[in-house]
Amino acid sequence: MDLKVIDNATCTFCGCVCDDIQLHADENRIHQAKKACVLGKAWFLNHTAERKYPDALIDGKEATLDEAIEAAAEHLYQADMPLVYGMSNTTCEAQRECVEMADHLGALLDSHTSL
Amino acid sequence: MNKIKLTLREKPVVVLEAEVISPDLFVEQSNEEIRASVVYHGKRQKRIDDFFDVEGERSDCIEIHGDLNRVRHVGRAMTRGEVTIHGDVGMHLGALMKGGTIEVHGNAGDWVGGEMKKGKIHIHGDAGQQVGAAYRGSILGMQGGTIVVDGNAGIEVGMRMRRGIIVIGGTARDFVGLQMKGGTILLCGGAEIRTGAWMQRGTIISLKELALMPTFAESGAYNPTFLNVYSQHLQALGVQLPYAEADGRYRRYSGDRGVPGKGEILIWEPAV
Amino acid sequence: MTCTLGEVKNRADFIVYWGGNPAECHPRHFTKYALMPKSQFLPRGRKDRTMVLVDIRETKSVKASDVFLQVRPGKDFELITVLRAMIKDQPISEAQIAETGLSVEQLQDFVARMKAARFGVFFFGMGLSMTRGKHMNSAALLTLAAEMNAFTKFVAMPMRGHGNVTGADVIMRWQTGYPFGISFNRGYPRYNPGEFSTVDVLVRGDTDCAFIIGADPGATMPKPAIEHLKRVPTIVLDPHVTHTSKMARVHITTAPAGISAPGTAYRMDEIPLPLRPALESPYPSDEEVVRRIKETILKKPDWMGERPQMLTTQV
Amino acid sequence: MRPRGCVPRGWQSENLKGPDRMLRITGGTVYDPANGINGEVRDLDVEDGKFVSSVTGGRTIDATGLVIFPEGVDVHTHVAGGSINFARAMTPEDHRRTQAFIRSQTRRSGLGGMAPTTFATGYLYAGMGFTTVNEAAVPVLSAPHTHEEIADIPIVDKSCLVLMANNEIMLDLLEAGEYERAKRMVAWHVWAAKAYGVKAVNPGGVAAWKWGKDAKQRSEPVEGYKNTTPGSIAASLAKIIDELGLPHPIHLHCNNLGAPGNVSTTLETMKHLEGHRAHLAHLQYHACGGDDWHAMKFEAAQLAEYFNAHPNMTTDAGAVLFGDTVTITADGPWQHLLYKLTGRKWGNLDVENETGCGIVPSSYRPSNLVNAVQWATGLELLLLIDDAWRVFLSTDHPNGACFWRYPEIIQLLMCADYRKECMAQLPPEIKNRITLPEIDRECMSFENCPVEMERIERAEIQQCIAA
């Protein structure tokens, strides 16, 4: 089977953010990550496009994305002092949304750096 | 004497920011105005009387009862009057204060007297971290006044302080007098590690042995005359500082050579 | 005092790794950026560079080093302060130097090499920034690097782990002025690590709802912090059902960044790089989910009420 | 909810249809020197971004009690990108003492001060009637970062200049005499950085700084080169930029910034540039006479005289106001000197293949002779250059002062009495070092408006909120 080849892919596992990785992938998984280090290879090869988990969980029970978004928004909105935390393994675009959301919520905002 | 008495009725669930609890404001306010003063419960604006019972008005003498460990910024930037707290109190007590006195019959949180300029704070219990210290990025911490903690204190006591006196009755943790530029810190129960790290000037006196940084050099033992004066001054605060030659002497260390600084650490050596 | 990794690659002839194990934690750091590459100014690559490793134990990175300095655990701050004194020719006794676990000769040699370098760089890892003293240890190394500029060119750079944590830092700085540990509760950003930093907030119980994205505190944080997370409603966004998800009220599965979600990530030297995902995910991206949560919140009545536009005195 | 760019500049957009293309502003007091309108209360009609005699329909803004004047353009400022962001990280103490913007339904929160956050930057500029700002120093490698920040500066239009004069690849090409290839390099960099023009900082000097050295003389080769001198770099770049037909000429930050005696460097550079267009950035910093810090005097008059005679040049003042600020420039060597002089915090950020950027918080004090002379020089330049169309008001934000203090400079320019009042506080030794006391000119907003009017021909009207 022919694999899709992606040149100059970027690995976000560690702070090196190597951007010269060549990925060979089919629809479901990445089969090869050339130039990546041991950690990078494991990172790329362990993720799949399968539906391994439910879309969302509310109180441990499966829920739809829409329900979960509604519930998340309600919890955050009702809180007197919400906390927005993490933002390590995600994109800058998502981080910008997080900062904006925290601004509107009047929340605490913190990343991994403070650990 | 006319007094304002606040009693905590409703314990805050999250942090309560109450910089409005200040003699400078209360002295001109009626009871109704005090009750209506805005405090922040987390992000929400609330009234003081949502949390406290308020008795009295128009006084710069404030007495507070209850467990205030989530109540922050009490006495912030105050310039006059008295605040007495019966119970624990949260962070930033008396931060930036310019006058008056604060007394706490209980423990206090971090940044007690942070960047204060004048006035007196007495904590009968323990204090948190950064007593009399500078906030992140500031060049100067405490610039005057007195802080007495009867119990223990956390890290970075007197960080970047320029002037004033800090007395810790119990043990302090790491980095006492970090980057200190002047003033005096008295450690009655000693401290953990890195005392005086990067100090430029100022004096740290310890009545117990200290583990010093390798960048401090011993430079003699003596009984400095200025300690008589200090001792008298501290006596008024209820602190005993030995200075008589018959009782012992002080080993003097200078540093921190990494800077290089001209600070001194005096360690008391009782006569055998 | 910092620079891009390209500068290190092109110019740095003296490289110090302090409290890190790049051979195992940042495997390509040696080959891609710091140690091996040949450049116009260092035509012989590795042969033109000197590498010093400072750590408390022998790791796999030792093999790659020219000099290994084994510092006594918990004495990094003391060692750096001694070095600050030594570069300025301040006298430090042999016994005092011995406290750091190293000999006078070792340190004199180290100082001489630092001063002889044309372009020196300190990379510091979690072994420095996460041990007793924390940010003061990093501050010490940054100060040493700044002071070394009186003699030659020197820079210092943290070896950031955790993927795009640098991006979070950079974005928070331009939008709020501060890198982390921020509170918006008064309607504008305030900064105070120790007060607004997550572990402290959770241990003291200062929050009543937590939103967690791209992190798994359930696996890494101290127990009292986790206990508080269990008490309050917690919302988790993650490509996997994590330890934290299991204690959360709401978990939303998202597409993993860089594998199936596009976007940007910042390298440890604050250079933004585009992500090129290889897989299509059945899940939405973090960006999309956070935006939708934000928009849902914005549709609710504004909680803030009347406030002034601007304050001239902050709290 | 429009968190970003929350004031839509709708009437300018070609995409808008029907009545949205029309705008009527009524009752404002209009100042427009280019068209001889001096404080008239009148209505203005706009269609498709241009003034017309009348429109029917569309939106109406009631500007009664407000002033309407041409937009401000800041040609030289540092508001976005790696270096200002580094400065933000270095100055939390300033963020705490400065003005705080509280978020509302339409605005994001932010902080002002020496290095304002992106959102606050947009609000502050717009509040002064500025609509266009030019980020003057972008290393190509971190251009994407700069553009990400620029996207978060609301309301105003933004552009940026890519740094070129210390690019080793280009220096190598010039050294080898490969002029055409160097030209293509510049074109590629402008494209890659999505820049509006090219900035040259301390040509050759930063490349040397990376080895902890500096390029002092314009005629001596740069460290590591045989033929390439700071002067030849500047001249080649000016020629390339003219030939490429870039709208903005070479934006030049001369060598030896802030050093006594650098006026000779500056004049020599100007001679190198004859026959080309050039913009000399923050000229005040390059106008020092004397041989050392004690004999230091400023030669604004000499520079202004040369300048008045050479219409190929434009400049911005790089004026200084007393108070705290953070200096941040791609001129690493100067920053290290400043760090040694002040002993305060210092940050430095080197980016491969172009720049070394230094960041030092500092203050300008009237009691300090050098600062006092700098203060006077910035004003002298603005007052002595006759052609107001060729000199721009700038403080090289945040180096000389923060941009939100421009109104103070405008007051100083417009009111000789106020200048005298301020000069009274300067140290007495300042006499004979400055010419400011002899200048009576008052830049009336009408007679010779000091506010930038580069793009006045397509002047949009910015509603200026009086408060």
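The values are calculated or read from the model by the stated rules, or taken from the named source; none is laboratory data. Everything numeric in this text was worked out from a predicted model, so none of it was measured. All Cβ positions, even for glycine, are placed from backbone atoms using ideal geometry, and neighbour counts span all protein chains on display.
Could you list all residues from the range C:158-200 that are of a type in the set (Asp, Glu) and assigned to a helix (DSSP H, G or I)?
Within the range C:158-200, C:ASP169, C:ASP200 meet the criteria.
Tell me the residue from D:GLY28, D:GLY72 that is within 30 Å of D:PRO249 (Cβ to Cβ) and either buried (at least 17 other Cβ atoms within 10 Å of the Cβ) or among the basic types (Lys, Arg) (or both), please.
Unique residue meeting the criteria: D:GLY72.
Residue by residue through the range C:112-133, note down the ones that are crowded, with 17+ Cβ neighbours inside 10 Å and either within 14 Å of chain B (Cβ to nearest Cβ) or on the phi > 0 side of the Ramachandran plot (or both).
C:GLY133 - this is the single residue of the range C:112-133 that is crowded, with 17+ Cβ neighbours inside 10 Å and either within 14 Å of chain B (Cβ to nearest Cβ) or on the phi > 0 side of the Ramachandran plot (or both).
Identify the residue in the range B:192-209 that is of a type in the set (A, V, I, L, M) and more than 14 Å from chain C (Cβ to nearest Cβ) and, among all such residues, is nearest to C:LEU79 (Cα to Cα).
Quick first cut of the range B:192-209, residues of a type in the set (A, V, I, L, M) only: B:193, B:197, B:199, B:204-205, B:207.
Now narrow it down to the ones that are more than 14 Å from chain C (Cβ to nearest Cβ): B:204-205, B:207.
Details: B:ILE204: 22, B:ILE205: 24, B:LEU207: 27 Å.
Ranking the candidates gives B:ILE204 first.
Condition first: modelled with pLDDT of 90 or more, of a type in the set (Val, Ile, Thr) and not in a strand (DSSP E or B). Now tell me which residues in the range D:234-287 satisfy that.
Matches in the range D:234-287: D:ILE240, D:ILE241.
Could you tell me which numbered condition D:THR229 fails, if it satisfies all but one of (1) buried (at least 23 other Cβ atoms within 10 Å of the Cβ); (2) at pLDDT 85 or above?
With respect to (1) buried (at least 23 other Cβ atoms within 10 Å of the Cβ); (2) at pLDDT 85 or above, D:THR229 is out only on (1).
Need a quick list: helices (runs of 4 or more DSSP H) entirely within the range A:1-112 having at least 2 residues that are of a type outside the set (S, T, N, Q), more than 27 Å from D:ASP152 (Cα to Cα) and within 7 Å of another protein chain (Cβ to nearest Cβ).
A:38-46, A:65-78
Please find, within the range C:254-299, the residue that is nearest to C:THR242 (Cα to Cα) out of those that are of a type in the set (A, V, I, L, M), assigned to a loop (DSSP other than H, G, I, E, B) and at the interface with chain A (Cβ under 7 Å from one of its Cβ atoms).
C:ILE259
Please give the number of the condition C:THR242 fails out of (1) farther than 20 Å from A:ASP110 by Cα; (2) more than 8 Å from every other protein chain (Cβ to nearest Cβ).
Of (1) farther than 20 Å from A:ASP110 by Cα; (2) more than 8 Å from every other protein chain (Cβ to nearest Cβ), only one is false for C:THR242: (1).
Any chance the range D:235-250 includes a residue that's surrounded by fewer than 24 Cβ atoms within 10 Å (Cβ to Cβ), of a type in the set (Lys, Arg) and farther than 20 Å from D:MET185 by Cβ?
Within the range D:235-250, none of the residues are surrounded by fewer than 24 Cβ atoms within 10 Å (Cβ to Cβ), of a type in the set (Lys, Arg) and farther than 20 Å from D:MET185 by Cβ.
Kindly indicate which of B:ARG47, B:ARG80, B:ARG70 is touching a helix residue (DSSP H, G or I) at 6+ places or on another chain (Cβ under 7 Å), closer than 26 Å to A:LEU109 by Cα and of a type in the set (Lys, Arg).
Result of the check over B:ARG47, B:ARG80, B:ARG70: B:ARG47.
Please specify each residue of the range C:2-19 satisfying the condition of being touching a helix residue (DSSP H, G or I) at 6+ places or on another chain (Cβ under 6 Å) and away from chain D (no Cβ under 14 Å).
Correct list: C:ILE15, C:TRP18, C:GLY19.
Consider D:THR132 carefully, then state whether it is of a type outside the set (A, V, I, L, M, F, W, C) and surrounded by fewer than 20 Cβ atoms within 10 Å (Cβ to Cβ).
yes
Suppose we keep only residues that are of a type in the set (Ser, Thr, Tyr) and either outside the structural domain of D:ASP94 (by TED's automatic domain parsing) or within 29 Å of D:HIS253 (Cα to Cα) (or both) within the range D:390-444. Which one would you say is surrounded by the most Cβ atoms within 10 Å (Cβ to Cβ)?
Checked the range D:390-444; the qualifying residue surrounded by the most Cβ atoms within 10 Å (Cβ to Cβ) is D:SER394.
How many residues, within the range B:37-94, are in a strand (DSSP E or B), in contact with a Ser or Thr (Cβ under 9 Å, 6 or more places away or on another chain), buried (at least 24 other Cβ atoms within 10 Å of the Cβ) and not assigned by TED's automatic domain parsing to the domain that holds B:VAL20? Steps first, please.
Restricting attention to the range B:37-94, the residues satisfying the condition of being in a strand (DSSP E or B) are B:38-41, B:44-47, B:52-55, B:61-65, B:68, B:71-72, B:82-86, B:89.
If we keep only those that are in contact with a Ser or Thr (Cβ under 9 Å, 6 or more places away or on another chain) as well, we get B:47, B:52-55, B:61-65, B:82-84.
From the residues that got through so far, the ones that are buried (at least 24 other Cβ atoms within 10 Å of the Cβ) too are B:52, B:62, B:83.
Add one more test, that the residue is not assigned by TED's automatic domain parsing to the domain that holds B:VAL20, and what stays is B:83.
Of the residues in that region, 1 qualify.
Take the residues in the range C:201-210 that are in a helix (DSSP H, G or I) and surrounded by fewer than 24 Cβ atoms within 10 Å (Cβ to Cβ); name whichever of them is farthest from the other protein chains (Cβ to nearest Cβ).
Among them, the one singled out is C:VAL203.
Inside the range D:69-180, counting only helices (runs of 4 or more DSSP H) that do not spill past its ends, which hold 1 or more residues that are of a type outside the set (A, V, I, L, M) and either outside the structural domain of D:SER362 (by TED's automatic domain parsing) or within 16 Å of the chain's Cα centre (by Cα) (or both)? Give the steps one after another, and end with the answer.
Values: elements: D:82-90, D:92-97, D:118-127, D:143-151, D:168-175.
Ranges flagged: D:82-90, D:118-127.
Can you pull out the residues in the range C:211-220 that are more than 8 Å from chain A (Cβ to nearest Cβ) and either part of a loop (DSSP other than H, G, I, E, B) or closer than 13 Å to A:LEU83 by Cβ (or both)? Break it down into steps so the answer makes sense when it comes.
Pass one, the range C:211-220, residues more than 8 Å from chain A (Cβ to nearest Cβ): C:216, C:218-219.
Answer for the range C:211-220, where residues must be more than 8 Å from chain A (Cβ to nearest Cβ) and either part of a loop (DSSP other than H, G, I, E, B) or closer than 13 Å to A:LEU83 by Cβ (or both): just C:ASP216.
How many residues are touching a Ser or Thr at 6+ places or on another chain (Cβ under 7 Å), under 20 Å from A:VAL17 (Cβ atoms) and without any contact (Cβ under 8 Å) to a residue 12 or more places away in the chain if we restrict to the range A:95-114?
So the count comes out to 0.
Where the second residue is in a helix (DSSP H, G or I) and among the hydrophobic types (A, V, I, L, M, F, W, C) and the first is under 14 Å from B:ILE185 (Cα atoms) and lies in the range B:228-247, which pairs have Cβ atoms under 7 Å and are six or more apart or on separate chains?
B:LEU241/B:LEU227; B:LEU241/B:LEU234
Could you check C:PHE68 against (1) away from chain B (no Cβ under 14 Å); (2) of a type in the set (Phe, Trp, Tyr); (3) buried (at least 21 other Cβ atoms within 10 Å of the Cβ) and say which number it fails?
Answer for C:PHE68: the failing condition is (3).
State yes or no: is C:PRO91 closer than 25 Å to C:GLY161 by Cα and outside any strand (DSSP E or B)?
Answer is no for this residue.
Quickly run through the range C:32-63 and pick out the residues that are assigned to a helix (DSSP H, G or I) and surrounded by fewer than 16 Cβ atoms within 10 Å (Cβ to Cβ).
Those that are assigned to a helix (DSSP H, G or I) and surrounded by fewer than 16 Cβ atoms within 10 Å (Cβ to Cβ): C:GLY45, C:LYS47, C:ASP48, C:LYS60, C:VAL62, C:LYS63.
Per-residue answers, yes or no, for (1) over 23 Å from C:VAL170 (Cβ atoms); (2) of a type in the set (D, E, K, R):
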position: D:ALA137; (1), (2): no, no
position: D:HIS145; (1), (2): no, no
position: D:MET170; (1), (2): yes, no
position: D:GLY177; (1), (2): yes, no
position: D:ARG181; (1), (2): yes, yes
position: D:TRP191; (1), (2): yes, no
